[in-house]
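Reading through the structure tokens given below for one structure.
The values are calculated or read from the model by the stated rules, or taken from the named source; none is laboratory data. Please read all numbers here as calculations on a predicted model, not as lab measurements. Cβ placement follows ideal geometry from the backbone for every residue including glycine, while neighbour counts extend to all protein chains displayed.
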Amino acid sequence: MHFGPHLLLAALEGLVTSAVLALTALGLSLVFGVMRIVNVAHGEFFMLGAVLAWAISTAISGHPAIGFVAALVIAPLLVGLVAFLAEWLVLRRLNYNPESTIVATIGMLYIIQQLALTFYGPEARPVEPPFSYRILLPWFGYSGYKLSVVAASAILLVITWLVLTRTRIGLIMRATQYDRETAQAFGIPVERVYAGVFAVGAMLAAIAAVLIVPISQAHYLMGQDPLLLSFIVVIIGGLGSLRGTVVAAVLIGLSDGIVSMFFSPTLAKIIATLVVAMVLVFRPQGLFGTAPR
Amino acid sequence: MRDASPAKAYALHIAVVALLFVLNFVLPDYHQGLFARIMALAVFAMGYNLLFGYVGLLSLGHAMFFSAGLYGAGLTVYHLGWGVPEAFVAGVACGALLALVIGLLALRTSGVAFMIGTMMFAQVFYLLILYFAAWTGGDQGLVIQQASRVVTVGGDALDLTDPTVRYMSALALFAVVLLITLALVRSRFGRVLVAIRENEERTKMLGYDTGANKLAAVVASGAVCAASGAAYALLFGYVGSSFASVQYSILPLLWVLLGGAATTLGPLIGTLFMYYVTDITSGFTSAYLLIVGVALILLVLFFPKGVLGSIRQRWLGWLP
Amino acid sequence: MADKNGFFDLSKTTLSRRTALKGMAAGAGLALAPGFVRYSQAQSSAPIKIGFQSHRTGIGAAYGRWYERTSAAAVKAINDAGGISGRPVELVIEDDGTDPARGAEVVAKFAKQHKTDIVFGTLFSHVVIGSAPAAGENKIPYFVVSEGHHVASTKLNRYVFQPGITDVKSQIQAMAPWIAANAGKKVTQIFPDFAFGYDHRDYLPPALKAQGADVIAQIAIPPTESSFTKYFPQIPAETEVIYHVMVGPAVLTFVKELGEFYGSQRPQLFGFIDSLEAVDINSPGLEFLDGSHFWEGSPRYAQPDDSAAQKAYRAAVGIDDNGAAVGDPKDVSTAAHMFGCWETLYVVKKAMEDAGYKGPEDRAKLVEATEALKEFAEGPEHPQGPKTFNGKIHQCFGIQNISKVEGGKLKVVHKTKIEDGLYEPEGDYTTQAL
Amino acid sequence: MKPLLTTKGLSRQFGGLRAVDGVDFALMPGEIRAIIGPNGAGKTTFVSLLSGRVRPSSGTIVFDGADITAMPAYKRVRLGVAYTFQITSVFANLTAFDNVALPVQRTLTDGRTKGQVRTGVMAALERTGLAERAGTLAAHLSYGHQRLLEVAMGLALRPRLLILDEPTQGLADSEIDNFITLVREIAKDATVLLIEHNMPVVMQLADRITVFNSGKILAEGTPDEIRADTQVQDAYLGATHG
């Protein structure tokens, strides 16, 4: 294939990766930014979203779009509920101690993974896309659904941004993120904010997962890669910066696709990872963080 | 408090080593073998604890130091036909060298960025193992044949695959690292490391080059973890990329947090605990991960500082 | 499963090491404990215990579940027919987590705690290779159903056998003539960038060369990959056949994306069914595979010419004509590999009876008896087909099936001969000490 | 006599704010110098520049004849520039003994025996009156004792220049008297530079006073001269006394 079309394809693929990654990472970034805890179980909320999407869409007969839309609504709500309960029952009692929460969320990771294996099984199962339109370009065909994922993700990101910047809830969250004690002094129910943020963070991951299952299947071990990539995105983008998270997701998604044009696949992975690591090392505050004094 | 009871602390550690020695003769066969593994891996946890517990640097990339030792020892035996002692030294040297390079880069960052940075370097290391599969055996790994795992000491051939020899070798490494750790944390260097964990800025203003101290800690930690990896390769005869995966970076963190960060014996207790919870529960249910998960959460709820950390806080303040 | 957890049950310890403690207080206390004396060798009616190393969790769990079902069916069939040398067979199952380190621990647990007679099972090659040293050190025969070339490469040790499934090197060699003759001469390979893929990378080009065809490109996909479209432009335009072999949960994505990329204007496709084991061939997005060909060890779908043995085997294991669990059409089996568990257990039976196996002290005899085996005739014990066995490299060789996807089913269109897959042995395990 | 420390055109900007603006400053060996000035005058930034915690935007710092402008903080400490923090920053989870042992072991260059560290630590603790509390965790000390521990740590570095940033903040009157005695004693073998808000303390202790305002030196002189300076009265003293 010629260079131009090849680049186009790599860019399209990169965009799809970026779109899903941005949503997942945004969830992690919220939890990370507001609650100051590292949620190792974040990838499992992603997985849970995908698995529930399969369960819901197969339970509903009729046109695949009906099942898919139902999954898109119900799966994130259920995942949010699970996260809310986990926060309520465990994290709160740990007083959000950074080290304890790491162990606790590793525990959650095991529990969620095992429950998925027991009740869902070890197979990879596909979810039918709501529509399957193949866009025929002069050089290759491309999935129309993939492009719609990019659009859906963009819309969701804009909505999140509006909620964070233009609403009272967003203000409360930002205030809590800025200074927990002061927020408390101003009568903000910090505990409820934390529970809400943890649930919303998990829901964002679940939404991303529902969007991606028609492309890649639901599998009980699918949570690990999104977790690692989300961590990277959050740190590279700069903690608590929505703009940074999105830009970092696009950067990582695109670099993964485009570097793969020039090197053998595994070497491309090595180079892409190393490049991002070096960005991190030489700009530790992230792309959009401000340098400390 | 530091100087209140050094004798007590040393006595306790020597007693632990003596107990482990006696266990070799008492434990049922299978558990003798399992303990050998646990001791070898507890060294990994101790190396991790050195950096995480005492300096407060949370790395998510220590699998690379462990596997640097694993491959450093394994590949020199496999490809170059080196003897066990040389291979062990090669493994430790690989780990120390890698730790020096990674330390120089990753220590430019701190906090979560350090965590993610080390994780990414470890991922690169993991992919490199796969990329050079022609030498490393890739994900399948390589088997170090029994015949190459024999040490000749003063005319006697010690076969590392013999259960008692293996147990004692693991114990020897464990004991040496344990006592070195104990001496280290009680030393001036150890005091500086703790000071860096508590307040790096303040430590600088006492005239310490905290960067150099942290680098030294990373190298020491990397070397100890590599020693564990090298021992694992030579004692158990298998070298594979799964040891370089992110799972093996999380495990030592888990072991240390369970046993008690910044306690000398915590890593052993944490490793022991995780191994036995997995081993026992997997015997009667296939859903043992669930039980492991619940156990972790209960433990962290009721022993937030890990087993030994909580014991030290509540009852035995003198524990090192 | 009497001794699942015998940590404190001292009856399971051997005396050998404890003699070192003679006179020591600890030892004296223990020696007085009841049941301390080592069990005398198993009675003639005591069950033969087979340690089954299973992928219950981890990446191999989909295979593990079916390996367990097949093995349980085989054990039931063996016991119903009188067991091995008149003794019942009992499976002791431990999860290896599809992890080589845990795999080695499990082998040791079988040998030392469960005191099983042999160890058996497992598919993923890194687990086999990671466990092999433990089997050798414990001198316990280790029968694997992994299809990797590692056993036959003679890089493991004398206690490891693969008598129930043909290794990949042989499979590839047997496939090559058909590919060159029927699919095309210019082949592009897509395979995972890890060891399972390397067997294909290394053995296909020479095998095709011998048939006058060429591998014109090799695309190795990193194991961490979950999306593949970006690699497809590397497929040369003149490609006539895409030879694909992928494993892991992302394979469905791979096939679907290949479909989106090419549409109906695609080259011929030849794949190893490993990509789609446990996956319904009628899953949305896989329509694209219609008309393409797959290697199958044992056919997933019932074929019109199935032997009575094949039919009985399918019924015993509980798979329907579509290769799914009876009563649950969504629970698709790993038919192309799991037959190996059934056949391996019958090989163990044969070898144990040949060796006059009584208990663990006869393990060396069992190894030699297994090495002495030459042929397995097609029949209820070997429903997949006849096999020859090379005792020097501990590997069996059988026939392979090439199936075409037609109307949402896999139809066998070609069966290879055993000779197609034979190659020069690379070593000889029998020269190693026991 | 040559000055122990001089700065030339020392400046530091934060964003658009010139926290320290072209300061020329000289400190003679053995003196006790107080820096005073209203809040936000740049006092803490100035001493942070001297100690190396903050990098200057421009200008130079010379200590004992050597240019230390680009020298990292820990090396300045080794040269003898010790800094005690404005906000108490002892190691809360370490004992008082360990807190002081850190600077003591740093300064020991020979005869590295356990006994020497112990002797050095106890000497510093005796001087600050904390000897009895050697085994107490710093977090469990009263605030006043934590301030003293801070001073003890500074002392244990055997500094040639000891910078004290608001050392009497939060101390009771009785403790302040002891503190004044302590500083006089320290000044016998070290130069002392202190930022201080408590005017009686400044007037009692300081040989000379430097007054900062808006990042610049407004005036400098003996306590009497400063008291008489009308500019200072307008900018600063007037506000407090008036």
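Evaluation of residue D:60 against the conditions (1) more than 10 Å from chain B (Cβ to nearest Cβ); (2) touching an Asp or Glu at 6+ places or on another chain (Cβ under 8 Å); (3) polar (S, T, N, Q); (4) within 24 Å of residue B:196 (Cα to Cα) shows that the sole unmet condition is (4). Can you confirm whether residue B:110 is more than 9 Å from chain C (Cβ to nearest Cβ) and either surrounded by 22 or more Cβ atoms within 10 Å (Cβ to Cβ) or within 17 Å of the chain's Cα centre (by Cα) (or both)? Criteria not met by residue B:110. Scanning region A:93-135 for residues that are surrounded by fewer than 21 Cβ atoms within 10 Å (Cβ to Cβ), more than 23 Å from residue B:56 (Cβ to Cβ) and among the aromatic types (Phe, Trp, Tyr) yields A:119, A:120, A:131, A:133.
Filter region B:148-172 down to residues that are facing chain C (nearest Cβ under 9 Å), surrounded by fewer than 17 Cβ atoms within 10 Å (Cβ to Cβ) and touching a residue at least 12 places away in the same chain (Cβ under 8 Å), then give me how many there are. Total satisfying the criteria: 1. Looking at region B:224-238, is at least one residue more than 7 Å from every other protein chain (Cβ to nearest Cβ), under 11 Å from the mean Cα position of the chain (by Cα) and farther than 20 Å from residue B:175 by Cβ? Within region B:224-238 (the criterion being more than 7 Å from every other protein chain (Cβ to nearest Cβ), under 11 Å from the mean Cα position of the chain (by Cα) and farther than 20 Å from residue B:175 by Cβ), the answer is no, since none of the residues qualifies. Would you check if there is a residue in region C:328-337 being touching a residue at least 12 places away in the same chain (Cβ under 8 Å), touching a Leu at 6+ places or on another chain (Cβ under 7 Å), within 20 Å of residue C:93 (Cα to Cα) and outside any strand (DSSP E or B)? Yes. With a requirement of 1 or more residues that are more than 10 Å from every other protein chain (Cβ to nearest Cβ), free of Cβ contacts under 8 Å to residues at least 40 places away in the same chain and buried (at least 24 other Cβ atoms within 10 Å of the Cβ), the strands (runs of 3 or more DSSP E) lying completely within region C:50-158 that satisfy it span C:142-144.
Only one entry of A:127, A:163 meets the criterion of being under 16 Å from residue A:204 (Cβ atoms) and in contact with a helix residue (DSSP H, G or I) (Cβ under 9 Å, 6 or more places away or on another chain), and that entry is A:163. Looking only at residues in region A:98-154 that are over 22 Å from the mean Cα position of the chain (by Cα) and more than 29 Å from residue C:258 (Cα to Cα), the one that is modelled with the lowest pLDDT is A:99.
Screening residue B:145 on (1) touching a residue at least 40 places away in the same chain (Cβ under 8 Å); (2) touching a helix residue (DSSP H, G or I) at 6+ places or on another chain (Cβ under 7 Å); (3) more than 14 Å from chain D (Cβ to nearest Cβ) shows it passes everything except condition (2). So which residues in region D:185-206 are within 15 Å of the chain's Cα centre (by Cα) and in a loop (DSSP other than H, G, I, E, B)? D:187, D:189, D:190, D:196, D:197, D:198, D:206, listed by residue number. Checking B:286, B:282 one by one, the residue that is touching a strand residue (DSSP E or B) at 6+ places or on another chain (Cβ under 7 Å) and part of a loop (DSSP other than H, G, I, E, B) is B:286 and no other. Of the candidates B:73, B:93, B:99, the single residue that is within 28 Å of residue C:150 (Cα to Cα), away from chain C (no Cβ under 12 Å), among the hydrophobic types (A, V, I, L, M, F, W, C) and within 19 Å of the chain's Cα centre (by Cα) is B:73.
Six or more apart or on different chains, Cβ under 8 Å: which pairs go from a residue in region A:259-273 that's in contact (Cβ under 8 Å) with a residue 60 or more places away in the chain and more than 7 Å from every other protein chain (Cβ to nearest Cβ) to one that's assigned to a helix (DSSP H, G or I) and of a type outside the set (A, V, I, L, M)? Could you list them? Here the result reads A:261/A:6; A:261/C:230; A:261/C:233, each pair linking region A:259-273 to a residue that is assigned to a helix (DSSP H, G or I) and of a type outside the set (A, V, I, L, M).
Yes or no, residue by residue, for (1) within 16 Å of residue B:221 (Cα to Cα); (2) hydrophobic (A, V, I, L, M, F, W, C):
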position	(1), (2)
B:28	no, no
B:50	yes, yes
B:54	yes, no
B:58	yes, yes
B:62	yes, no
B:89	yes, yes
B:93	yes, yes
B:100	yes, yes
B:120	no, yes
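Quick grid of which residues meet (1) at pLDDT 90 or above; (2) crowded, with 24+ Cβ neighbours inside 10 Å; (3) assigned to a loop (DSSP other than H, G, I, E, B):
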site	(1), (2), (3)
A:192	no, no, no
A:195	yes, no, no
A:210	yes, yes, no
A:233	no, yes, no
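Considering only residues in region B:271-298 that are more than 15 Å from residue A:107 (Cα to Cα) and of a type in the set (A, V, I, L, M), the one that is modelled with the highest pLDDT turns out to be B:272. Of all residues in region C:252-264, one or more are in contact with a strand residue (DSSP E or B) (Cβ under 8 Å, 6 or more places away or on another chain), in a loop (DSSP other than H, G, I, E, B) and either basic (Lys, Arg) or more than 27 Å from residue A:122 (Cβ to Cβ) (or both). Scanning region B:113-129 for residues that are of a type in the set (Gly, Ala, Ser) and more than 7 Å from chain A (Cβ to nearest Cβ) turns up just one, B:122. Among the residues of region A:115-124, those that are more than 8 Å from chain C (Cβ to nearest Cβ) and touching a helix residue (DSSP H, G or I) at 6+ places or on another chain (Cβ under 6 Å) comprise A:116, A:120. Restricting B:231, B:216 to those that are in contact with a helix residue (DSSP H, G or I) (Cβ under 6 Å, 6 or more places away or on another chain) and under 29 Å from residue B:101 (Cβ atoms) reduces the list to B:231.
For region B:182-195, the condition of being within 11 Å of another protein chain (Cβ to nearest Cβ), within 13 Å of the chain's Cα centre (by Cα) and among the polar types (S, T, N, Q) holds for none of the residues. Annotation: residue B:62 fulfils all but one of (1) modelled with pLDDT of 90 or more; (2) within 12 Å of another protein chain (Cβ to nearest Cβ); the unmet one is (2). Inside region C:229-279, residues that are within 13 Å of another protein chain (Cβ to nearest Cβ) and over 25 Å from the mean Cα position of the chain (by Cα) make up a count of 22.
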